[in-house]
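The values are calculated or read from the model by the stated rules, or taken from the named source; none is laboratory data. Keep in mind it's a predicted model, so treat the numbers as computed, not measured. Positions of Cβ are backbone-derived with ideal geometry, glycine not excepted, and every protein chain shown enters the neighbour counts.
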Amino acid sequence: MKQRVASILVLMSVCTVCLLLFQFYWSYEAYQGTSRTYRSDVNEALQAAVDREMEHRQDEIADKYKGWLADSNLVVIQCHIDSLSGLTVFSIIDSEPSSNDRVEFTIGYRKPGETPSRMTPTAKKYLIDRFVGTQIRENLQKGNASYYTRRLGELMEETLRQNKPDKERLQRLYIHELQERGLDTDFRLHFAEEKLAASGPFPYATRTIRFGFRKPYDTLKASFPDPYQTLLLRTKWVLLVSFLLMAVTVFCFAYTVLTLLRQKKLADLKRDFVNNMTHELRTPVATISIAAEAMQAFNLSKTSSDEYLAIIRQQSGRLSQLIDGILKNLAFEQDQLELSPCPLSLQELAQQAVLQHRPQLDAAEAETEFDFPTQPLLVNADELHLLNVLSNLIENALKYSDGPLKLHLRCREESGRAVLALKDNGIGIPASVQSRVFEKFFRVPSGNTHNTKGYGLGLSYAKTIVERHGGGISLQSQERQGTTFFISLPLHQHEPAPDTVA
Ligand code: ADP
């Protein structure tokens with residue numbers, strides 16, 4: 001049995017540890033996964049923000065270019081029909097060439113259903129939109145300032161050189177991109193000129209992104225002062241449920257182990273109890289049978305027969321006490337205690353219990369004192385069981401005293417309850433085990449118990465009975481000074497007298 005319990009405990013411990021490890025690993029993996037997604041999200045968002053910023057800048061330059069083309073002080077746009085292809089051919093020429101070197105560029109477009117042969121505002125607008133939308137956009141993407149005409153080339157060159165990123169707009173775009181990915185986190189943008197280290201401790205930064213129209217390119221990276229908080233917030237439910245599961249598993253494991261150990265201890269104590277009982281039962285049975293045989297076999301004198309009969313009576317009394325003990329144990333073990341309560345005076349009950357033990361008390365030369373109020377304290381109680389409880393307490397006072405016993409009984413009414421205090425001047429109970437003496441089968445382990453007989457059932461029986469009456473039992477004790485047991489019971493409530501009908 002011991003072996004089996006030990007194996008089950010080992011198996012359960014291994015399973016619980018494995019479960020916990022697995023749970024830890026799973027939570028760690030979930031955290032790592034979220035961390036990876038977070039890192040890729042903040043990088044992707046930065047790239048997207050930079051791309052959109054570049055689009056804005058291209059739009060701005062394209063709009064400027066349209067303005068230059070529309071400005072006839074800068075360029076002159078002409079057109080004619082190409083005789084071979086039948087298409088309209090436009091040419092853009094600087095209006096004020098500084099020298100004779102006129103830079104001319106010719107392009108041909110066909111507008112569905114229209115082939116203008118001379119410049120009109122519609123044709124000019126058409127040309128500007130198509131030219132900027134295709135040619136210039138393509139050049140901007142490559143960072144070229146193509147000199148379609150010298151003036152336009154110079155203006156483009158100058159604009160590209162002066163064009164700088166709009167930091168505030170980038171900030172707004174990044175916030176937007178982060179929010180699109182469900183990230184509401186604090187960050188700082190670091191442009192090329194800023195040193196990351198000098199800007200503070202940042203546990204996580206994105207990769208550096210290069211952008212701009214031409215060399216030297218701008219560089220940008222974002223850093224996050226508290227990425228762990230965001231990560232924890234993102235994984236909070238997974239982690240919370242995981243830790244809750246772990247806590248429940250550990251609690252169940254601890255509870256099962258404790259219950260198993262308690263059951264095992266109880267089983268051991270019970271086995272001792274049965275062994276003791278068997279031994280104790282054997283002695284009176286053997287004594288009775290020897291006495292009876294002797295009376296049968298020998299022709300005994302009247303005096304001797306009386307002596308033998310006295311032995312038989314004494315031993316059978318002992319036997320019935322032992323059987324009582326077993327029955328008591330069985331009864332409250334199986335929760336089969338049937339109580340028959342009726343209103344009783346607590347003082348009278350205490351006096352009755354003392355009276356029952358008068359011979360033993362006298363033999364021990366015990367002094368008994370009563371401190372009872374004159375008014376009877378009525379409690380609703382089962383006489384037999386409550387008497388048994390008081391008997392146990394008096395027997396204990398007799399058993400656990402090492403000098404002339406002084407027994408003091410006091411009854412009081414305290415906050416609507418009847419309280420009986422039974423005080424002795426015995427060996428006392430060590431403070432460390434006072435809370436355990438009401439446990440079943442518990443006996444004070446050290447020298448306290450001497451060679452006194454007992455099964456550790458009296459006080460646990462007393463507790464069960466008193467609690468079944470809606471009361472409570474407690475003690476105060478000091479080693480070598482004595483012990484006081486307090487029993488408190490609800491006072492009997494008087495039923496209102498039924499109305500008498502005339
Ligand atoms: P037992 O059959 O051992 O007397 P009880 O349940 O009546 O069992 O008491 C439990 C233990 O409490 C006893 O073994 C004893 O050590 C201690 N005890 C009980 N009453 C007293 C007392 N009046 N004085 C000192 N120790 C006591």
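With at pLDDT 80 or above and part of a loop (DSSP other than H, G, I, E, B) as the only criterion, which of F213, F253, F243 stands out?
The match here is F213.
Cβ contacts < 7 Å: first residue in contact (Cβ under 8 Å) with a residue 12 or more places away in the chain, restricted to segment 1-25; second residue small (G, A, S), any location; separation 6+ or different chain. Result?
Q23/S242
Select from segment 145-170 the residues that are under 14 Å from M54 (Cα atoms) and buried (at least 16 other Cβ atoms within 10 Å of the Cβ) and list them in ascending order.
Selection gives L160, N163, P165, L170.
Within the set of pairs 6 or more residues apart or between chains, which connect a residue that is more than 15 Å from V5 (Cα to Cα) inside segment 244-258 to a residue that is part of a helix (DSSP H, G or I) with Cβ atoms less than 6 Å apart?
M246/L20; M246/Q23; T249/L19
Please find, within segment 225-240, the residue that is modelled with the lowest pLDDT out of those that are part of a helix (DSSP H, G or I) and among the charged types (D, E, K, R).
R234
What are the pairs with Cβ atoms under 6 angstrom where one residue, in segment 105-134, is at negative phi and the other, located anywhere, is at pLDDT below 70? Sequence gap at least six, or different chains.
Once the first residue is at negative phi and sits in segment 105-134, its partners that are at pLDDT below 70 give A123/P116; Y126/K111; R130/Y109.
Here are some conditions: (1) part of a helix (DSSP H, G or I); (2) at pLDDT 80 or above. A222 meets all but one. Which one does it not meet?
(1)
Only one of E44, E29, E53, E60 is out of contact with any Gly (no Cβ under 6 Å at 6 or more places or on another chain), within 30 Å of E180 (Cα to Cα) and surrounded by fewer than 12 Cβ atoms within 10 Å (Cβ to Cβ); which?
Just one listed residue meets the conditions, E29.
So, in segment 297-353, of the ones that are within 29 Å of F370 (Cα to Cα) and hydrophobic (A, V, I, L, M, F, W, C), which residue ends up modelled with the lowest pLDDT?
L339
Return the total of residues in segment 291-326 being assigned to a loop (DSSP other than H, G, I, E, B) and in contact (Cβ under 8 Å) with a residue 60 or more places away in the chain.
0
Select from segment 301-321 the residues that are of a type in the set (A, V, I, L, M) and surrounded by 15 or more Cβ atoms within 10 Å (Cβ to Cβ) and list them in ascending order.
Across segment 301-321, the qualifying residues are I311, I312, L319.
Looking only at helices (runs of 4 or more DSSP H) that lie completely in segment 358-477, which have at least 3 residues being within 15 Å of the ligand (Cβ to nearest atom) and touching a residue at least 24 places away in the same chain (Cβ under 8 Å)?
Per the criteria, 383-399, 458-468.
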